[in-house]
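I have placed the structure first, in the form of structure tokens, so that the comments after it can refer back to it.
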Amino acid sequence: MDNTILKVKGLSKQYIIRNGLFSKKRYIHAVKNISFNIKEKEAFGLIGNSGCGKTTVANIVLRLIEPNSGTVEFMNQTITELNEKDLRNLRKDIQIVFQHTKTVLDPKMTIMELIREPLHIHHIVPEDEIEDEIDRLLTMVGISLTEKVKYPTQLSGGQNQRIIIARAISTRAKLIICDEPVSALDVSVQGQIINLLLQLKEKLNLSYLFISHDLKVVKYMCDTVAVMNAGEIIQIGPTEEILKI
């Protein structure tokens, strides 16, 4: 039985660059013909230097940008062919945990309001159950319920990252893209967030596309890893074989 949840096939993305009105076109290949699969309950690491194309891959999977060629299939649906209506219905199943919390969390909303938002938009639970669901999610990510009336600016970076994770799992997502989720945090907090992600993976049967340049974090977190360089995957396989560090 095929338990693959995400299939990326022959994905390419290029940008046209002009230095002036009459100058020749130059093509920048952000992603070049890459392919990989992610299985159910798998943490798949995508590593490489800055500018190698990792985040471009994530944005294509999320359909935030369109590829020039190739396809992305999620649970047997071809994401790259979906119309806007069908794509909206799918978005709750694929969520993302960003690197910088300050650009994600609205400082004018309380923690309770921030968690309520995805629950309300995607109709996850009946309205009369939302308050209990907020409490359940906050408890699951290790945030005291006394904090829910506060604003993001009143919490630490680690706490805010837990709020972003709570929002991601609130929609009952099956695949979560983690784009450098701990690189902006203090070293003392990074381990706590990584352990939380691993705990949630086991508890909720999540799959991860985990993007990072930190090899030690990827080795601890991921089952499989792909190495990118200049837009191409140059190596892929079990983490313990690829990252012998």
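The values are calculated or read from the model by the stated rules, or taken from the named source; none is laboratory data. These figures come from a predicted structure and were not determined experimentally. Cβ sites come from the backbone with ideal geometry, for glycine too, and all protein chains shown count toward neighbours.
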Original post:
What number of residues within the range 160-183 are exposed (fewer than 15 other Cβ atoms within 10 Å of the Cβ) and touching a Lys or Arg at 6+ places or on another chain (Cβ under 9 Å)?
Top reply: 1
**OP:** Report the residue count in the range 172-195 for those that are within 12 Å of the chain's Cα centre (by Cα) and charged (D, E, K, R).
**Re:** 3
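Among the candidates Lys102, Lys85, Lys92, which residue alone is in contact with a His (Cβ under 7 Å, 6 or more places away or on another chain) and closer than 30 Å to Lys54 by Cβ?
On the way: Lys102 fails: in contact with a His (Cβ under 7 Å, 6 or more places away or on another chain); Lys85 fails: in contact with a His (Cβ under 7 Å, 6 or more places away or on another chain).
None of the other options fit; the residue is Lys92.
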Original post:
If you take the residues in the range 137-159 that are free of Cβ contacts under 8 Å to residues at least 40 places away in the same chain and surrounded by fewer than 16 Cβ atoms within 10 Å (Cβ to Cβ), which one is nearest to Met112 (Cα to Cα)?
Top reply: Val149
Subject >> Filter result for the condition that a residue is touching a helix residue (DSSP H, G or I) at 6+ places or on another chain (Cβ under 7 Å), at pLDDT below 95 and aliphatic (A, V, I, L, M), over Ala30, Ala58 >> reply: Ala30
Subject >> Residues that are assigned to a loop (DSSP other than H, G, I, E, B) and more than 22 Å from the chain's Cα centre (by Cα), drawn from the range 124-142 >> reply: Val125, Pro126
Subject >> Boolean, Leu198 is within 16 Å of the chain's Cα centre (by Cα), of a type outside the set (Gly, Ala, Ser) and crowded, with 18+ Cβ neighbours inside 10 Å >> reply: no
**OP:** Count, please, the residues in the range 6-27 that happen to be at pLDDT below 90 and not charged (D, E, K, R).
**Re:** 9
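Residues checked against (1) without any contact (Cβ under 8 Å) to a residue 12 or more places away in the chain; (2) farther than 25 Å from Leu197 by Cα:
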{"site": "Gly45", "(1), (2)": "no, no"}
{"site": "Gly48", "(1), (2)": "no, no"}
{"site": "Leu82", "(1), (2)": "no, yes"}
{"site": "Asn89", "(1), (2)": "yes, no"}
{"site": "Val97", "(1), (2)": "no, no"}
{"site": "Ile115", "(1), (2)": "no, no"}
{"site": "His120", "(1), (2)": "yes, no"}
{"site": "Pro126", "(1), (2)": "yes, yes"}
Original post:
Considering the range 232-245 alone, what residues qualify as being part of a helix (DSSP H, G or I) and among the hydrophobic types (A, V, I, L, M, F, W, C)?
Top reply: Ile242
Original post:
Say we look at the range 95-120 and pick out the residues that are among the polar types (S, T, N, Q) and part of a loop (DSSP other than H, G, I, E, B); which of these is surrounded by the most Cβ atoms within 10 Å (Cβ to Cβ)?
Top reply: Gln99
**OP:** Confirm whether Lys92 is out of contact with any helix residue (DSSP H, G or I) (no Cβ under 7 Å at 6 or more places or on another chain), surrounded by 15 or more Cβ atoms within 10 Å (Cβ to Cβ) and under 22 Å from Phe210 (Cβ atoms).
**Re:** yes
